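K.L.:
Structure incoming, see below.
The values are calculated or read from the model by the stated rules, or taken from the named source; none is laboratory data. Model, not experiment: these values are computed from the prediction. All Cβ positions, glycine included, derive from the backbone under ideal geometry; neighbour counts span all protein chains shown. Note: accessible area is taken over every heavy atom of the protein model, side chains too, but ligands, DNA and RNA are not part of it. Shrake-Rupley method; radii C 1.70, N 1.55, O 1.52, S 1.80 Å.
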Amino acid sequence: MSNTQAFEAGAPFINGSPLAESSVEIFYRMMEPAVEENPQLETQADFKAEEAKVLSLAKAGDWRELTSFVISRASSEVYLSALAERKSLQLKLDEQAAKMKEPARKRDLKNLEVAVPAALKLRGLNKEFRELYEELIFHISRMTQYRTLTARAAQLASILREHEERNSGVFLSYDKETLGSLKARGFYEINSIEWHNARAAGIGGSDVGAIMRSDPAFGSQNYARVVAAKLGELLAEDDPLIAVRDDLTSAIGRGNAWEEFIRYMVQDKHPELRVAFCKSSWHGAPGVEHRHANFDGLFLDEAGVPEGILEIKTGSNPKKWGPVEDGLDGVPPSYRKQVLWYAATAGLKYGKIVAILDDNDYREYDFSMDDPAIKLEIEQMYEATDKFWDEIQARKLQLLEGTFKPAEKMNRLGTHESIDNVALVYSGYSGESKAYSKKLILNALALAQGPEKRELSRKEFQKIIFQVFARHDPSKRKRPFVGIDIETTTVSARTGRIIETGIVKINEAGDPEVVYSSLHGLPEQARIGVGMGAIAVHHITEDRILDKPLFEDPETAREILEHLKGHTMVAHNLGFEDRFFEANLPGYIEAKASGEITLLDTRKLTKYLMPRSTDNSLQSFTEDNGVPYAGAHAAASDALMMIKALLRLQRTIHSGGRFITRRASASLRMSALEEAKQFESDR
């Protein structure tokens, strides 16, 4: 469905033509909650006046004045000043990050005389970094409403212009069933369920960079995301990626709103080019049907045959883009591969990537498909993606037949495993010293190798390590466990704050019980700018933390530290809690260095002791040890489940000498669900 088709669904009317409610009213409903609450670049009176002007021009059908409004608003003094301030804050943040590199490196050294002072210095630098980050994000949030209205106006201008051009017969679109060797698959609204499901049935341009790990920072994460999508883990109606498509407060929403406006800008700047609208989805010829393509626009020759591609991008990070004279070399790698994929699959001759950065920085990057370097790159893309697609089809078949077991591969312990790492985990597991733990493991390995020092197989190595852990009698443990779980605003200890802490200890009867469970507040700037994080996961909303003291509150911090001292601190994926406590909990670094706090990561136990577990998640760790996974992502509930599972694991392998998966009974699950409901009501 094109803008105009959506546009013609019903009243109100513009110049005698119907305008869909979704085309205007939705734009003005999206931001209402934020208008009165958040500080903005312009006064509420000025914003309301600008908003009324947009609505008036839209009702009059005046796309030309709306276009002028967009350009003037994107280049206004107040907006340019805000961009300059953002750049200044970004530079300060970069400088602060550079200061943190050396102490961050020294923090990981085994020499405590060097590592501890470095870690303490890093904590101070991190506090300054986080405050700068929060100031930057707060400033960006102040710009959001301003940019949202600009995006609304841009979208309305393009809708009105398309409507007028279609009525007058000058609108240029490509509607044929074939495009080179491609065949049309139909139209799917961008970011809709159907659009995402169709993408899962093949490889599109935006998948190529992820498959080839083009992004050095998120290569593995992006690759895993594409694998999951292609294996059929498709989006539900309430998935955030779906909901965001109409939300102009999001970068994705604003990018969608600007797209057609930018296409018209290209059309106006290049009257010599025939820029065609094309919103069909396409698939490759027989044998390569998995090669999918979508086009923001096409350049047609005089006969109406596509010869070039127009790819449109928006963004707010000009540093990622090079000068236009560099052509495709100035384009971020994933975007480069995306546009080449589309051009190659359609057999086009040339292309143009047009980007508008920060609403006002217009750039055109041109390229020719005759470039030998581009031809080589396309060959590499096809080779990598064809191999990937074959692997996906094989994996699907294995899943269908029930023969694919990713967990066994994931959790298998290799003979290359560092003895120091194993000793560290055993030390936390048993309560023994690191030195004693290492000696115990080396003696067990030496006994198995015999006088001839024969090389052990991976299976033998795994068995020996398991036996060392199994010999530990949990009833004779001297240092008690303390289970910990936290919920945070971001996953990074550099930028995030702790908003919930749950602590579990073992009581005199030998049973785990929650001894601390508390939500923590946020400074106003952090609450408005960074926000609450993954609310859909942890279910902690702003209203629940408004009257709570910060985690950094001295009394709160002292109480939490006292719970940890003298214990082995246990967490699933412990590095997460460890980094956040190092950055936010005074005395924690020193207590670790002195041995007052030792550590155990239950996630590592899945590799050492549970090689046939489904995966290394907390859910698998608890469920495979007979503990129902209920009330997840409430900090105290997660910590309690984890400690219960750890105690059961220790008893199981010590008494039986092997790990046995113990799924919970129905009655135990019902009891756990009731307990989880109580946890949620107490939060």
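K.L.:
Give the long-range amide H neighbours of R497: residues separated by 5 or more places, or on another chain, with amide H under 5 Å away, using H modelled in the peptide plane at 1.01 Å from N.
P.N.:
Long-range HN contacts for R497: T489, T490.
K.L.:
Okay, next question. Can you tell me the equivalent ellipsoid semi-axes for region 226-365? Use √(5λ) from the Cα gyration tensor, largest first, whole Å.
P.N.:
Over the Cα atoms of region 226-365, the semi-axes work out to 24, 22, 15 Å.
K.L.:
Using a 1.4 Å probe on the protein heavy atoms, what percent of the accessible area of region 424-519 belongs to carbon and sulfur?
P.N.:
Carbon and sulfur together cover 51 percent of it.
K.L.:
Of the peptides 588-595, 391-398, 135-142, 423-430, how do they stack up when ordered by the mean number of other Cβ atoms within 10 Å, highest first?
P.N.:
Packing order, densest peptide first, comes out as 423-430, 135-142, 588-595, 391-398.
K.L.:
Here's something else I'd like to know. Accessible area of region 609-652 with a 1.4 Å probe: how many percent of it is carbon plus sulfur?
P.N.:
In region 609-652, the share of accessible area belonging to carbon and sulfur is 46 percent.
K.L.:
In addition: In whole Hz, with x marking every Gly and Pro, tabulate ³J(HN,Hα) for region 47-55 from phi via Karplus 6.51 cos²θ - 1.76 cosθ + 1.60, θ = phi - 60°.
P.N.:
Result, ordered by residue: 4, 4, 5, 5, 5, 5, 5, 4, 4 Hz.
K.L.:
Turning to a different aspect of this structure: So which of K439/K463; K387/K463; K565/K644; K438/K604; K183/K320; K337/K607 end up more than 28 Å apart, counting from Cα to Cα?
P.N.:
K387/K463; K183/K320; K337/K607
K.L.:
Where Rh denotes the Kirkwood radius from the mean inverse Cα pair distance, what is Rg over Rh for region 78-150?
P.N.:
Reported Rg/Rh, Kirkwood definition of Rh: 1.20.
K.L.:
How much accessible area does F659 have with a 1.4 Å probe, in Å² rounded to the nearest 10?
P.N.:
Roughly 40 Å² of F659 is accessible to a 1.4 Å probe.
K.L.:
Work out the charge dipole of region 48-206 with +1 on the Cβ of Lys and Arg and -1 on the Cβ of Asp and Glu about the Cα centre, then indicate which of V54, L132, S173 is farthest towards its positive end.
P.N.:
The residue sitting most towards the positive pole is L132.
K.L.:
Here's another thing I want to ask about it. Could you state the orientation-averaged shadow area of the convex hull built on the Cα atoms of region 546-623, in nm² to one decimal?
P.N.:
Taking a quarter of the hull surface, the average projection is 6.6 nm².
K.L.:
For region 40-106, which whole percent of the accessible surface, found with a 1.4 angstrom probe, sits on carbon and sulfur atoms?
P.N.:
Taking all protein chains in place, region 40-106 shows 55 percent carbon and sulfur surface.
K.L.:
Taking Cα pairs under 8 Å and at least six residues apart, what relative contact order does region 311-397 come out at, in percent?
P.N.:
Relative contact order of region 311-397: 30 percent.
K.L.:
Rolling a 1.4 Å sphere over the protein heavy atoms, what is the accessible area per residue of region 523-599, to the nearest Å²?
P.N.:
That works out to 42 Å² for each residue.
K.L.:
Residue by residue through region 500-507, which ³J(HN,Hα) values in whole Hz follow from phi under the Karplus form 6.51 cos²θ - 1.76 cosθ + 1.60 (θ = phi - 60°), with glycine and proline marked x?
P.N.:
7, 9, x, 10, 10, 10, 9, 7
K.L.:
Here's a follow-up. From the backbone phi of region 428-444, what are the Karplus-calculated ³J(HN,Hα) couplings (6.51 cos²θ - 1.76 cosθ + 1.60, θ = phi - 60°) in whole Hz, Gly and Pro given as x?
P.N.:
Once θ is set to phi - 60°, the couplings for region 428-444 become x, 5, 9, x, 7, 5, 5, 5, 5, 4, 5, 4, 4, 5, 5, 5, 5 Hz.
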